[in-house]
Amino acid sequence: QGWSLAGVQGSHQKSYFICWDGATDDTQGPFILPLQHGLLNNDPRANCLPSAVMPLMSYVKYAEKLTESCHARTVTKLPSATSPYSLPSFPYQDETDGRFPSGYSPKRPLSVTLKESIKMAANIEGGLDDIIVNALDSISTPHGQSPESRVKSMGGGRVNRKSLVMSHQEKSKRLLRQCSSWAQLDDTKANRGIVHGQVIVATLRLGTQFQSLTLRTNIVANPISTPFNQVLSWLCQRRDYYTAASVALSLLNDADAVYELCGIPKSLEEELTYHKGLLDGIKPLGDNSAHGDVSDTLTSLADMAVGCLIKGGTSMSKTLEGFLTRNKLYNAPRACLMLVGATASAMSKDTAPKLKLNKDGDIVDLLSAVKNPSEDLIWPVRCLIKMAVVRHCLPSAILMLNATIPNELRWRAPKTLGLATAPRPSLGLFLALVEIILESKEEATRYLLNMTDEESGLQYWFSVDDATRLSLILLSIRGKHVMLQEPEVRAWVLDRLKEEIESPTDSVYNSKGPLLPDGWLREVVTGAFCNAECDIGLGLDAMLMTNSKSKSGSSNDEKVGCYRQDMLRVQELLVPQKHSGGNDYDLLIAALLILASRGCDWREGEGTQISTQTLLNTVCDMAGRKTDVEPTFIFDGATVMRQCALANNLQAAAFLVGGKKGLVIECVDLIVSNLEMTVKDAEIALFIGSLVELKGSVAPIYEGMVLQEESIFKPGVRHQHLMWLLQEHVLNAHTYGEFDSSLQTGKISPVYAGRVCFRAWYCLTHPSILSSSAKWLEGWLRHKLELTNGKSPRRLACAALVRTLLWANEAVELDLIDVDDEPLLGAVIGFDGRFMAELAQACCGLIQSIPPHLAEELMSSFGGSNMFSSEVKLIDSAIH
């Protein structure tokens, strides 16, 4: 390296200036400059005088430094052309008074919304680097003004549009301008001057003639080796980002990144020898005399390596992602700044077609037609978020994205001036950006929702429109709909569901916006189950329901078919995991109520064997019960009950209420869905009115109703449902405590259940087949009770039936002498007297077979010795 003067003696005297370091262009070999003839001949008048080192190009700052210091230093001690390495010295801390710490003063006032976002991120991270604050300051709107307000404040004069509506390219330039590492790699006039700039090193004078000899500035400053930043800058100016990144990674000894970049499989025993030749002329990193502190030098090199990989674009994004997650030397705020700047630049190149959502359009159909965005658009965001998670600066990274691409993160049309309208960004791009953020970390959802929109001054969820909200809720992250777990999102969904239930189809509400799509409601239901980690959310319902039905069908024990059986099987699928936060019953019930009212399946297609109503009934039955899973949200039973009433869904209301009232409503639903009877009349017939009133209210309903086969009774679906209730609440009685209503804690008394069910049976049976239905029911009861000749192993069940069928009223004292016109329920149903006598005989001796008030009278008047014989006399009197 260096330069020389050479001459040739003889008849053809020639002289040359030779720069052994090579030319500045792409030619090979040394740089040779012929001098004027006779310049170095034997003419005694020829004098060669050394000149002062003077700059040839005035814009080369380093050359100016050489000029100032040339008299004080020798050539061997020329200062390095590299700029000093230093780390940011100021971490912005959140102060209680809201002021910036001493030593930092923004170039212009920050907007209020931006200040709040900065404080939020600083509180989480424990501080915010000043490079982030300066970058946000460079692209923010001062004082939170909108473009229109700034036009007004300027008096309506001529305003540069670019200063009001900042483009993505302008934001990118302003952001990257704040990062020194990126600035050194840019193809700017100053950087070209450092690499290609020249200075005069000698002047040859022959009489009145002068010849100036120049060398490149970096050769004069670094005659033996070149600093890495100049090499990387020169390579980037030539747009050889691949070689630049390879050199930087090789200097950092990151073998994994080098081999990944080159696409070479790494051998465990192989040395990192790639690009060794390129590294020979680069100044060693351990030369403290030239680079100062080694750690600062490595940080600067790592930052420039990040910059080279970013400039390489999509093809180097995988290598960049791996480098950012492994390397700990680079400065995270600077890397964040470069990646956000690259993101803004990429967004300006989005050419994807913009899909428009019509007023009556279905957001689910629109989402199904969305295509994934180009990798060229999203790779900077993916690398940024990966880096932010590893370096624990995710809030500040999301803060930078929120300030740089707010419209892309909100699927919102850009702000424009005048009457011009701009289309929304690509829906696929919006979904991809949000998914990348939410998938990074569990807390990322909260970080995103806490971001404040500078344009509207509102937090994220309140700064987007309804169409964006509907699409955000459908996002599935790690198998969960994470947006539904956030309070403000859940509150908005509940409000929309409430409006949908409370507003008729032809209401004014529907003119304000479209109805909630069926597909969206299905996704809400599925998402709520997935959040609770239920088996039904994993799609296991089809297999489990099929197995359950096959087992029940092969059993020898007779099963009574009704939707109650399906509910028991579904209930096993709805058990939430312990730390999942439980089922969100408010969301589930409201969404299922709407789907049930529309007659829609809760899951599209043939992927489930569970009907919407059965699933709704099961959810209502489980709501409010105590479980081992601590719920995230408190169940609002009063509001949900009102919604069931507004939706006219008696089954859901019955299981939501539960207990005795729930049983009555359940039987009322069986009656009103089959007969032309109002809910109020059905309630009177089941448990309020007398048996005489019952017969009088049912008889007119069946007038004129003729059956095709009058003498044959076959239990239908509703009769089978009543049989299931009788078996569950009456025939399965096995403890004495079940008969004591004062000790009931939500469980239904077998006597109460029997009275309601038998009355419902009477209402649902045509008078012409009442006798045959009683015989059929008697046979079924004998079989279940195993009743033969007045003996049965289920004595408590027989006692419950005796009190249900043979005692007219348990509320008042029974007078055996007085003749009462009130018939017995067993006689109304049409049971044979012998059957009722056998029932009484089977439970003879059980005090549970007579009303409680009468049992107390018997105990006090007759005493314990004659109690059983007196009981038999009372029952015989009741039968006859």
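Residues that are within 24 Å of Ile124 (Cβ to Cβ), out of contact with any Leu (no Cβ under 9 Å at 6 or more places or on another chain), open to solvent by 10 Å² or more (accessible area, probe 1.4 Å) and in contact (Cβ under 8 Å) with a residue 60 or more places away in the chain: does the stretch 460-470 have at least one? No; the residues of the stretch 460-470 include none that is within 24 Å of Ile124 (Cβ to Cβ), out of contact with any Leu (no Cβ under 9 Å at 6 or more places or on another chain), open to solvent by 10 Å² or more (accessible area, probe 1.4 Å) and in contact (Cβ under 8 Å) with a residue 60 or more places away in the chain.
Taking each residue of the stretch 833-846 that is in contact (Cβ under 8 Å) with a residue 12 or more places away in the chain and looking for partners that are in a loop (DSSP other than H, G, I, E, B) and among the aromatic types (Phe, Trp, Tyr) with beta-carbon atoms closer than 7 Å, six or more apart or interchain, yields nothing. The condition of being at pLDDT 90 or above and either of a type outside the set (A, V, I, L, M) or open to solvent by 60 Å² or more (accessible area, probe 1.4 Å) (or both) does not hold for His734. Out of all the residues in the stretch 285-296, is one or more open to solvent by less than 50 Å² (accessible area, probe 1.4 Å), part of a loop (DSSP other than H, G, I, E, B) and modelled with pLDDT of 85 or more? Checking the stretch 285-296: not a single residue is open to solvent by less than 50 Å² (accessible area, probe 1.4 Å), part of a loop (DSSP other than H, G, I, E, B) and modelled with pLDDT of 85 or more. Among the residues of the stretch 423-438, those identified as open to solvent by 10 Å² or more (accessible area, probe 1.4 Å), outside any loop (DSSP other than H, G, I, E, B) and either over 16 Å from Val390 (Cα atoms) or at pLDDT below 95 (or both) are Leu431, Ala432, Glu435. In the stretch 570-591, the residues that are within 11 Å of Phe635 (Cβ to Cβ) reach residues that are assigned to a loop (DSSP other than H, G, I, E, B) and of a type in the set (D, E, K, R) with C-beta atoms within less than 8 angstrom, at least six apart or across chains, in these pairs: Gly582/Glu630; Asp586/Asp636. For the stretch 695-730, the tally of residues that are under 24 Å from Pro823 (Cβ atoms) and either free of Cβ contacts under 8 Å to residues at least 24 places away in the same chain or touching a Lys or Arg at 6+ places or on another chain (Cβ under 6 Å) (or both) stands at 4. Residues of the stretch 446-471 that are touching a helix residue (DSSP H, G or I) at 6+ places or on another chain (Cβ under 9 Å), over 17 Å from Cys393 (Cβ atoms) and part of a helix (DSSP H, G or I): Leu449, Tyr460, Trp461, Phe462, Asp466, Ala467, Thr468, Arg469, Leu470, Ser471. Among the residues of the stretch 142-179, the one identified as buried (at least 16 other Cβ atoms within 10 Å of the Cβ), modelled with pLDDT of 50 or more and small (Gly, Ala, Ser) is Ser172. Filtering the stretch 248-261 to residues that are under 24 Å from Val294 (Cβ atoms) and in contact (Cβ under 8 Å) with a residue 40 or more places away in the chain leaves Ala248, Leu249, Leu251, Leu252, Asp254, Asp256, Ala257.
For beta carbons closer than 6 Å, sequence separation of 6+ or different chains, a first residue in the stretch 312-327 that is touching a residue at least 40 places away in the same chain (Cβ under 8 Å) and a second that is among the acidic types (Asp, Glu) and part of a helix (DSSP H, G or I), the qualifying pairs are Thr314/Glu375; Thr314/Asp376; Thr319/Glu260.
Residues that are open to solvent by 30 Å² or more (accessible area, probe 1.4 Å) and among the aliphatic types (A, V, I, L, M) were ranked within the stretch 85-140; the one that is modelled with the lowest pLDDT is Leu87. On the stretch given as the stretch 771-797, residues that are within 57 Å of the chain's Cα centre (by Cα), open to solvent by 20 Å² or more (accessible area, probe 1.4 Å) and over 20 Å from Asn732 (Cβ atoms) total 1. Selection of the stretch 751-760 for residues being more than 16 Å from Asp832 (Cβ to Cβ) and open to solvent by less than 20 Å² (accessible area, probe 1.4 Å) yields Val751, Ala753, Gly754, Val756, Cys757, Ala760. Scanning the stretch 610-631 for residues that are of a type outside the set (A, V, I, L, M, F, W, C), touching a residue at least 40 places away in the same chain (Cβ under 8 Å) and either under 23 Å from Met483 (Cα atoms) or buried (at least 17 other Cβ atoms within 10 Å of the Cβ) (or both) yields Gln613, Thr614, Asn617, Thr618, Asp621, Glu630, Pro631.
The C-beta contact set for the stretch 632-659 (first residue within 14 Å of Tyr585 (Cα to Cα) and free of Cβ contacts under 8 Å to residues at least 60 places away in the same chain, second residue surrounded by fewer than 16 Cβ atoms within 10 Å (Cβ to Cβ) and of a type outside the set (S, T, N, Q), distance under 6 angstrom, 6+ apart or interchain) comprises Phe635/Gly624; Gly637/Gly624. You will find that of Ala221, Ala245, the residue that is open to solvent by less than 20 Å² (accessible area, probe 1.4 Å) and modelled with pLDDT of 85 or more is Ala245 and no other.
Among the criteria (1) open to solvent by 40 Å² or more (accessible area, probe 1.4 Å); (2) outside any loop (DSSP other than H, G, I, E, B); (3) at pLDDT 85 or above; (4) not acidic (Asp, Glu), the one Leu329 does not fulfil is (2).
Of the residues Leu670, Leu691, Leu663, which single one is under 20 Å from Gly826 (Cα atoms) and surrounded by 17 or more Cβ atoms within 10 Å (Cβ to Cβ)? None of the other options fit; the residue is Leu691. Taking the criterion of being of a type outside the set (A, V, I, L, M, F, W, C) and touching a helix residue (DSSP H, G or I) at 6+ places or on another chain (Cβ under 9 Å), the residues of the stretch 779-807 that qualify are Arg782, Lys784, Thr788, Asn789, Gly790, Lys791, Ser792, Pro793, Arg794, Arg795, Arg803, Thr804.
For the stretch 757-788, the set of residues classified as in contact (Cβ under 8 Å) with a residue 60 or more places away in the chain and not in a helix (DSSP H, G or I) consists of His766 only.
The values are calculated or read from the model by the stated rules, or taken from the named source; none is laboratory data. Remember, it's a predicted structure, so these values are computed and weren't measured experimentally. Every residue, glycine among them, receives a Cβ derived from its backbone with ideal geometry; neighbour counts consider all protein chains shown. Calculation scope for accessible area: heavy atoms of the full protein, side chains included, ligands and nucleic acids excluded. Shrake-Rupley method; radii C 1.70, N 1.55, O 1.52, S 1.80 Å.
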